[in-house]
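*Asks:* First the structure, which I've put down as structure tokens, then a few questions once you've had a look.
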Amino acid sequence: MSERAFALAFGFIKQVGPVRIRRFLKHFGSLERAWAASLNELVAAGLTEKAAANQLECARSIDPSQVQDRLDKMGIRAVLWDEPEYPPYLAQIAQPPHVLFYKGTLTPADNLSIAIVGTRNITPYGKQVTADITRYLVGNGVTIVSGLARGVDAVAHKTALGAGGRTIAVLGSGVDVIYPPEHRRLAAEISTNGAVISSYPPGTKPDGINFPPRNRIISGLSRATVVVEAGERSGALITADFAVDQGRDVFAVPGSVLQPMSMGTNNLIAKGAIPMTSPAMILEHLNIPQRALQTAALPSDLDDNEKKILHALSTESRHIDELSAALDMPAELLGALLTLMELKNLVSRDTAQNYSAIRDWKY
């Protein structure tokens, strides 16, 4: 049997993570020898007697020679950390999962991934911002990573699919156990243009202790993490913490100090997260080239001032002060309108306060 067969077999024992796998490789020299080890040999490798006994008990029901066939019958794929298909950004984190189970496809295009996460109790503001950010990033070739949860996660996945982009859902359960159950159809759609992945073996039920490690994978797969809305104790903040530990950028969408779902994001900004006031800021900060603007019909619901602003930005980006003078519009009114137009995904802003049109609008 190949070493891969034993690596997959160990992936079916939930208690065996990347730390233990590395320990086995160092002590035994191969996973095949580790699989055949006795209780005393496992203890000699550094396991407690209880952990060794639990591992041996789990292994009794697994035949390494049949694991791949079992996965094939379930329509589930697996990739090991030393295989070329393993996501390169995830491979860079400390102790990456030694195996990922997934439905769908993992492609080189997913190397440009950004996580969008947030509260399950999404507000209308959060829903609009999530959709706008997602559409913009997908339009620039970015794969959207999230956790398939209700709220921000679901909006991000659905918007990415609706915009014709790729998206990856990371689960805190086996890829054959979709949680929440009402997202089974969404998970199936994701697997047709992206992937549903997990470090947990098929059959694993969702459990509270599974989700922090799941969040670590979400941030690990991604060049950066965007937190849209989050309460003071939201799981999205755990994802942000992991991103910081992994040396990845964290963007947070500012919100009203009176809105509970903005307390977490506002606190992130106070702690050093990058305030996300325009999706273009994400690409600019990560030095990702923006694609050429696509021509689009001018939205029909714009007021006269918004039309004037877009017309003034039709040929070049302009600083807010220059724009204020050109339009003879008070800076306070212009600033408010531009903020609203950013949220509508009509204009973008860089860190120097230069504004640009998101599309080549037809007039």
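*Asks:* Only residues that are surrounded by 22 or more Cβ atoms within 10 Å (Cβ to Cβ) and among the acidic types (D, E): list them for segment 253-286, please.
*Replies:* Once the filter is applied, which keeps residues that are surrounded by 22 or more Cβ atoms within 10 Å (Cβ to Cβ) and among the acidic types (D, E), segment 253-286 yields nothing.
*Asks:* Of all residues being among the β-branched types (V, I, T) and either over 14 Å from M276 (Cβ atoms) or over 17 Å from the mean Cα position of the chain (by Cα) (or both) in segment 118-133, which is surrounded by the most Cβ atoms within 10 Å (Cβ to Cβ)? Just the residue, please.
*Replies:* Residue satisfying both the conditions and the ranking: T119.
*Asks:* Kindly provide the set of residues from segment 201-236 that are touching a Ser or Thr at 6+ places or on another chain (Cβ under 7 Å), under 21 Å from L106 (Cβ atoms) and surrounded by 24 or more Cβ atoms within 10 Å (Cβ to Cβ), ordered by number.
*Replies:* Listed by number, the residues that qualify are N215, I217, I218, S219, L221, S222, T225.
*Asks:* Still on this structure, I have one more. Pairs please, first residue from segment 311-334 and part of a loop (DSSP other than H, G, I, E, B), second anywhere and modelled with pLDDT under 85 and among the polar types (S, T, N, Q), Cβ atoms under 7 Å, 6+ apart in sequence or on different chains.
*Replies:* L313/S356; S317/N354; S317/S356
*Asks:* Is it the case that some residue within segment 129-149 is touching a Leu at 6+ places or on another chain (Cβ under 8 Å), under 14 Å from I218 (Cα atoms) and assigned to a loop (DSSP other than H, G, I, E, B)?
*Replies:* yes
*Asks:* Something else: Of the conditions (1) among the polar types (S, T, N, Q); (2) more than 33 Å from the chain's Cα centre (by Cα); (3) modelled with pLDDT of 85 or more, T339 fails just one. Which one is it?
*Replies:* Here T339 clears every test but (2).
*Asks:* Specify which of the listed residues (A160, A91, A156) is under 16 Å from the mean Cα position of the chain (by Cα), aliphatic (A, V, I, L, M) and surrounded by fewer than 24 Cβ atoms within 10 Å (Cβ to Cβ).
*Replies:* A91
*Asks:* Filtering segment 196-211 down to residues that are in contact (Cβ under 8 Å) with a residue 12 or more places away in the chain and out of contact with any helix residue (DSSP H, G or I) (no Cβ under 8 Å at 6 or more places or on another chain), which residue is nearest to C58 (Cα to Cα)?
*Replies:* Step by step, filter segment 196-211, then rank; the result is G203.
*Asks:* Quick one: is I21 among the β-branched types (V, I, T), under 15 Å from L80 (Cβ atoms) and touching a residue at least 12 places away in the same chain (Cβ under 8 Å)? Before the answer, list the steps.
*Replies:* Working: among the β-branched types (V, I, T): yes; under 15 Å from L80 (Cβ atoms): yes; touching a residue at least 12 places away in the same chain (Cβ under 8 Å): yes.
When the stated conditions are applied, I21 passes them.
*Asks:* Which of the residues spanning segment 21-47 are of a type in the set (S, T, Y) and either modelled with pLDDT under 90 or closer than 11 Å to E3 by Cβ (or both)?
*Replies:* Answer for segment 21-47, where residues must be of a type in the set (S, T, Y) and either modelled with pLDDT under 90 or closer than 11 Å to E3 by Cβ (or both): just S30.
*Asks:* Let me ask another. Which ones in segment 79-103 are closer than 17 Å to R214 by Cβ and of a type in the set (G, A, S)?
*Replies:* Across segment 79-103, the qualifying residue is only A94.
*Asks:* Could you list, in sequence order, all residues of segment 163-195 that are among the charged types (D, E, K, R) and either in contact with a Pro (Cβ under 7 Å, 6 or more places away or on another chain) or assigned to a strand (DSSP E or B) (or both)? Step through it out loud before you land on a result.
*Replies:* Quick first cut of segment 163-195, residues among the charged types (D, E, K, R) only: 166, 176, 182, 184-185, 189.
Listed by number, the list holds a single entry, D176.
*Asks:* Among the residues of segment 54-69, write down those that are surrounded by 14 or more Cβ atoms within 10 Å (Cβ to Cβ) and either free of Cβ contacts under 8 Å to residues at least 60 places away in the same chain or among the polar types (S, T, N, Q) (or both). Give the derivation first.
*Replies:* From segment 54-69, those surrounded by 14 or more Cβ atoms within 10 Å (Cβ to Cβ) are 54-56, 58-59, 62, 64, 67-68; that's our starting set.
If the condition is that a residue be surrounded by 14 or more Cβ atoms within 10 Å (Cβ to Cβ) and either free of Cβ contacts under 8 Å to residues at least 60 places away in the same chain or among the polar types (S, T, N, Q) (or both), then N54, Q55, L56, C58, A59, I62, Q68 are the ones that fit.
*Asks:* Is segment 110-117 home to any residue that is over 26 Å from P254 (Cα atoms) and surrounded by fewer than 20 Cβ atoms within 10 Å (Cβ to Cβ)?
*Replies:* yes
*Asks:* I need a count of the residues in segment 246-267 that are under 17 Å from A224 (Cβ atoms), of a type outside the set (G, A, S) and in contact with a helix residue (DSSP H, G or I) (Cβ under 8 Å, 6 or more places away or on another chain).
*Replies:* 7
*Asks:* Counting just the residues of segment 346-362 that are closer than 16 Å to D301 by Cα and modelled with pLDDT of 75 or more, which one comes out surrounded by the most Cβ atoms within 10 Å (Cβ to Cβ)?
*Replies:* The selected residue is V347.
*Asks:* What helices (runs of 4 or more DSSP H) completely inside segment 39-127 contain at least 1 residues that are under 19 Å from R22 (Cα atoms)?
*Replies:* Helices (runs of 4 or more DSSP H) meeting the threshold: 39-44, 49-59, 88-91.
*Asks:* Can you name every residue in segment 229-252 that is closer than 13 Å to M263 by Cβ and either of a type in the set (F, W, Y) or not in a helix (DSSP H, G or I) (or both)?
*Replies:* Matches in segment 229-252: E229, A230, G231, E232, R233, S234, A252.
*Asks:* Tell me, please, whether a residue that is crowded, with 24+ Cβ neighbours inside 10 Å and among the β-branched types (V, I, T) can be found in segment 240-249.
*Replies:* no
The values are calculated or read from the model by the stated rules, or taken from the named source; none is laboratory data. Since we're looking at a predicted model, the values are computed, not measured. Cβ atoms come from the backbone with ideal geometry, glycine included; neighbour counts cover every protein chain shown.
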